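What follows is calculated from the coordinates using simple rules that are stated; it is not laboratory data. The structure presented is a predicted model; accordingly, all values stated were derived computationally and were not measured. Counting neighbours? That spans all protein chains shown, and the Cβs are built from the backbone with ideal geometry, glycine included.
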Amino acid sequence: MQPPVENYANPNTCLFHVLFKGAALAFYILSALFFNSFVIIFVVTVLLAALDFWVVKNVSGRILVGLRWWNEINDLGESVWKFESLDQESLARMNKKDSWLFWWTLYLAAAAWLILGVFSLIRFQADYLLVVGVCLSLNAANIIGFTKCKKDAKKQFQQFASQTIASRFQSTVQSAFTLV
Amino acid sequence: MSHNDTIPLYQSSQSDIDEIENMMNAGFQSGPGTVLPARPPSPIRPSIPVSSSPFVQSNLPPLPPSSSSAAQKATPVPAPPSLPPAVNFGSSEGSKTTGFGSPPNTLTEPVWDTVKRDLSRIVSNLKLVVFPNPNREDPGKALRDWDLWGPFFFIVFLGLTLSWSASVKKSEVFAVAFALLAAGAVILTLNVLLLGGHIIFFQSLSLLGYCLFPLDVGAVICMLKDNVILKMIVVAVTLAWSSWAAYPFMSAAVNPRRKALALYPVFLMYVSVGFLIIAID
């Protein structure tokens, strides 16, 4: 008997994660059929893309994959990128379907905007290229931020693991010496 | 973008309700003549235990984003989409905190907290940059918490206002205004950096965006009243206000001998936006 397929652990979050991305893409593609005004297309698409950026960065990143990134300026006036992640056991317990959805929709949306950008380039539509450029940069920022955050989390875990092994080794050696 | 307030671990308020109930019961039993004891201090909410998760890196520094990439929020916009799910997230977050071992602060806060934090950051950044306040004496510190949501909203708003005031070629006006302001902010930042100034790229973008607020106000006034003389006066006043707002930050960033080189292009950009506002009819 097959084990039951793991379901999405956070269906609401997944929905919102996909909703704004899809809405921005759909609106951009379909709006040419309905609206004549470039201004409305621009404002609504960019607004949806900005909302999507915020949702991914602050909500679905946290809930679906347990990662978060942001930028701070320290006392010396330098900009520092900060990454935050849940500890390893929580990360391991994350729903696989959730994280699969998270990463793949991120990549697919960026690829879709890239293709739309190529189309508008071919048609020499500079203003639509502007819209695509803005949406693409928002998506790219999220992808880069989360990828860096994931790598950082892995690095942290490896450091922690090696530290634990080193300290355990040390304590074993010490106890061995005390016994002797 | 920074998270400079320690947010306590989200817990159900059951403990508070119990406390209040106990207080009420004690009050009823102690009779009308006695004075109710002062509210006992609320139980110490467990702070995040540091030991078990060494790579909880969010040691919240004692600084005042954004950031953030940043971000910005048109005030009516975040409320509709995030209000219904905020309730769900809030409750689901509450139940989830018990599931995770020792979650870091900002990773498990309810969504509504994040929204409120971002909104208040926009407002405080605006007040810092555009209105007179003592923090302007130390410009480097003032916009530590940069965020791009405010500038985004102001640029779009200015573009929309200009586009609305224009009787012809509305789309072109909007596109030109948006591209001019966005590209202008980037180029001005690069100018400061190339002059050997010390400013963070996003901090400067954020600053230049926030300084557009007076011009936004001016554009709205010019849209409502179509008198040329009034427009010129309003634009002149708001232009001066914008330049005054941007001055300390830009001048502090560069070598004193190169102050004029850094400030002149900023002034030029605001003048050109001012002309755009006057010329649109």
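On the beta carbon distance between A:Ser79 and B:Val271, with R0 = 35 Å, the FRET formula returns roughly 0.70.
Within 10 Å of each residue's Cβ, count the other Cβ atoms and sort B:Glu172, A:Glu78, A:Glu84 from fewest upward. Walk me through the numbers before you get to the answer.
Numbers: B:Glu172 14, A:Glu78 10, A:Glu84 24.
Fewest-to-most Cβ neighbours within 10 Å comes out as A:Glu78, B:Glu172, A:Glu84.
A Förster radius of 60 Å combined with the Cβ-Cβ distance from B:Glu172 to A:Thr164 puts the calculated FRET efficiency at roughly 0.45. Label-to-label distance, B:Ser124 versus B:Ile278, with points set 7 angstrom from Cα along the beta-carbon direction: 3.9 nm.
For chain A, the longest principal axis of the Cα atoms and the long axis of helix A:96-122 meet at an angle of about 40 degrees. Modelled spin-label separation between B:Ala183 and B:Leu224, with each label point placed 7 Å from Cα along the Cα-to-Cβ direction: 3.3 nm. Residues A:Arg62, A:Arg168 in ascending order of nearby Cβ atoms (within 10 Å, fewest first): A:Arg168, A:Arg62.
Fewest neighbouring Cβ atoms within 10 Å first, the residues B:Ile199, A:Ile115 line up as A:Ile115, B:Ile199. Taking a point 7 Å from the Cα of B:Asn133 along the Cα-to-Cβ direction, none of the residues of the stretch A:28-70 has its backbone N closer than 12 Å to it. Built from the Cα atoms of the stretch A:11-153, the convex hull projects on average onto 10.1 nm², one quarter of its surface area. Here the stretch A:1-136 is treated with +1 on each Lys and Arg Cβ and -1 on each Asp and Glu Cβ, and its dipole about the Cα centre works out to around 400 debye. In the stretch B:122-280, a dipole from Cβ-located charges (positive for Lys and Arg, negative for Asp and Glu) runs towards its positive end, and of B:Ser251, B:Met232, B:Leu148 it is B:Ser251 whose Cα lies farthest in that direction.
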